[in-house]
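Asker: Structure incoming, see below.
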Amino acid sequence: MTYRMWYAQLDLIDTARRYLALLSHWKSEAPNRDRLFVSDFYFVNPSLLHLTHMTGDVRRVFNALAIPKPDQTFIQHPSPPILYTKMGGIQAQALHNLIGRGLVELELVDKDQYRLSSEGRHLASALGTRLVLPGEGKILNFLVTDYVAIGRGKGGLRQMTGLRRVGT
């Protein structure tokens, strides 16, 4: 019998599910593409948040979640910039599919902002408890309420996270 490893980071359907979860729980103004991609990156790789810069208040909230550090997890991750770059094509394709299916407000897409349309909200609601998997709730809540303050203003999101894709 052969076994195949599955990586949520490289799965198109799971990425679309994570986008639906993020956008359906987003509390502040609609995120731009970079913030959505970075939030998704940390949603699927929460232990890598230990390697980012955070304000003291945000770090305290994060530490209270008791997320294991990268060296304490079962999976050995490549460096965050390499993994982020590898996820880029999948993330772009998943977002393109959500836009193409009318699950995101098209008027905002032209302004580089992403919010679920009424169809997207209906789908997220219909998925119910299947949208956010067991164990994902606390990191999702952290990303959409506390982590959104990171990278605003001086320095920017890329400097705070160290994530950068070639050509962006």
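Asker: Among the residues of segment 116-127, write down those that are open to solvent by 40 Å² or more (accessible area, probe 1.4 Å) and small (Gly, Ala, Ser).
Answerer: If the condition is that a residue be open to solvent by 40 Å² or more (accessible area, probe 1.4 Å) and small (Gly, Ala, Ser), then 118, 125, 126 are the ones that fit.
Asker: Let me ask something else. Where in segment 1-99 are the helices (runs of 4 or more DSSP H), entirely inside, with at least 2 residues that are free of Cβ contacts under 8 Å to residues at least 12 places away in the same chain and loosely packed, with under 13 Cβ neighbours inside 10 Å?
Answerer: Numbers: elements: 12-25, 33-44, 56-64.
Hits in segment 1-99: 56-64.
Asker: Please give the number of the condition residue 111 fails out of (1) more than 15 Å from the chain's Cα centre (by Cα); (2) in contact (Cβ under 8 Å) with a residue 60 or more places away in the chain.
Answerer: (2)
Asker: Determine, yes or no, whether residue 113 is in a helix (DSSP H, G or I), at pLDDT 95 or above and surrounded by 11 or more Cβ atoms within 10 Å (Cβ to Cβ).
Answerer: Values: in a helix (DSSP H, G or I): no; at pLDDT 95 or above: yes; surrounded by 11 or more Cβ atoms within 10 Å (Cβ to Cβ): yes.
When the stated conditions are applied, residue 113 does not pass them.
Asker: Could I ask something else about it? Checking the structure you have, find out if any residue of segment 149-156 is in a helix (DSSP H, G or I), surrounded by 14 or more Cβ atoms within 10 Å (Cβ to Cβ) and without any contact (Cβ under 8 Å) to a residue 24 or more places away in the chain.
Answerer: Checked segment 149-156: no residue is in a helix (DSSP H, G or I), surrounded by 14 or more Cβ atoms within 10 Å (Cβ to Cβ) and without any contact (Cβ under 8 Å) to a residue 24 or more places away in the chain.
Asker: Those residues that are out of contact with any Lys or Arg (no Cβ under 6 Å at 6 or more places or on another chain) and acidic (Asp, Glu), I need them from segment 5-49; list them, please.
Answerer: 11, 14, 29, 34
Asker: Has segment 41-62 got any residue that is of a type outside the set (A, V, I, L, M, F, W, C), within 30 Å of residue 106 (Cβ to Cβ) and modelled with pLDDT of 90 or more? If you could, list the steps in order and put the result at the bottom.
Answerer: Within segment 41-62, the first condition is being of a type outside the set (A, V, I, L, M, F, W, C), and the residues that meet it are 42, 45-47, 50, 52-53, 55-57, 59-60.
With within 30 Å of residue 106 (Cβ to Cβ) added as a condition, the list becomes 42, 45.
Restricting the remaining residues to those that are modelled with pLDDT of 90 or more gives 42, 45.
Checked against the condition, which is being of a type outside the set (A, V, I, L, M, F, W, C), within 30 Å of residue 106 (Cβ to Cβ) and modelled with pLDDT of 90 or more, segment 41-62 yields at least one hit.
The values are calculated or read from the model by the stated rules, or taken from the named source; none is laboratory data. Note that the structure is predicted; figures quoted are calculated from it, not measured. Ideal geometry is used to build each Cβ from the backbone, glycine not excepted, and the neighbour counts take in all protein chains shown. We work out accessible area using only protein heavy atoms, side chains counted, and drop any ligands, DNA or RNA first. Shrake-Rupley method; radii C 1.70, N 1.55, O 1.52, S 1.80 Å.
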